[in-house]
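Any read-out appearing in this document is the output of simple, stated calculations on the displayed coordinates, not a laboratory observation. Since we're looking at a predicted model, the values are computed, not measured.
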Amino acid sequence: MIQFRAKKKGVEVNGETVLSVVAGMRLMAKEVLSRNGIENPSPGAWYSQQDWLNAFGEISEKIGRTTLRMIGKKIPENANWPEGIDSEEKALPSIDVAYHMNHRIDGELMYNASSGEMKEGIGHYGFEKLPEAGRYKMVCDNPYPCDFDMGIIESTARKFSESAYIKVEHEEGSSCRNQGAQSCTYIVTV
């Protein structure tokens with residue numbers, strides 16, 4: 001899957017999540033969103049995922065990848081999140097659930113909290129606990145930008161960890177969506 005291009009038509013993202021752009025950018029955020037078809041985002045409303053991805057493309061091209069990472073760091077503060085998370089070991093795999101909780105397709109949420117069923121069509125945030133204490137692997141195969149995902153992962157680990165040290169970096173030798181790859185693989189050290 002290539003970043004900035006929705007995998008399926010008809011996917012929408014909720015306003016709470018879209019507001020992360022405003023929280024991460026402040027100045028110009030509403031202008032960028034408006035130029036890409038998202039007017040006055042608000043909680044409870046739904047917006048085209050492709051329009052949101054187009055806004056990310058503009059931010060990446062005109063403002064820079066550091067801003068994408070800052071926006072990603074705001075996701076855990078703004079998006080809907082599963083309950084009962086109290087450690088990075090629970091938080092990191094919950095990113096995939098939260099991701100699906102904040103998207104819908106054809107008017108139906110992509111995660112059903114009652115059944116635990118997750119709809120396909122937007123990619124995933126894969127999680128693996130590594131043998132070394134405090135080390136995890138995350139594989140992101142979604143249409144969002146690499147730097148945005150790094151911000152989400154870092155911020156999520158920081159929010160739910162007692163450690164002051166959080167490091168998120170590409171796995172050595174792995175490919176990156178910034179170079180056209182289908183996914184990015186990160187090593188998270190806490």
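Worth a mention:
- Semi-axes of the equivalent ellipsoid of segment 8-72 are 17, 13, 10 Å, computed as sqrt(5λ) over the eigenvalues of the C-alpha gyration tensor in descending order.
- Cross-link reach is defined here as a Cα-Cα straight distance under 21 Å, omitting same-chain residues fewer than 8 places apart; for Lys167 the lysines meeting it are Lys73, Lys74, Lys90, Lys129, Lys137, Lys159.
- Summed over all non-identical Cα pairs, the Kirkwood treatment of segment 44-119 gives a radius of 14.0 Å.
- Only helices enter this figure: runs of n ≥ 4 DSSP H residues, each worth -39500 (n - 2.57), summed and divided by the residues of the chain, yield -11500 deg cm²/dmol at 222 nm to the nearest 500.
- Rounded to whole Hz, the Karplus (6.51, -1.76, 1.60) HN-Hα couplings of segment 36-46, x for glycine and proline: 10, x, 10, 9, 6, x, 9, x, x, 8, 10
- Cα long-axis angle, helix 65-78 against the chain (0 to 90 degrees, to the nearest 10): 80
- Most fluctuating residue given options Pro82, Pro93, Pro41, as computed from a GNM of the chain linking Cα atoms under 10 Å: Pro82
- Rounded to whole Hz, the Karplus (6.51, -1.76, 1.60) HN-Hα couplings of segment 95-102, x for glycine and proline: 4, 5, 5, 4, 3, 6, 5, 9
- Degrees between helix 15-25 axis and first principal axis of the chain (Cα, 0 to 90, nearest 10): 80
- For segment 174-186, 3J(HN,Hα) computed residue by residue from phi via the Karplus equation (6.51, -1.76, 1.60; θ = phi - 60°) reads 7, 7, 9, 5, 5, 10, x, 6, 6, 8, 10, 10, 10 Hz, glycine and proline entered as x.
- Helix axis angle, 49-58 relative to the chain longest principal axis, alpha carbon, degrees: 80
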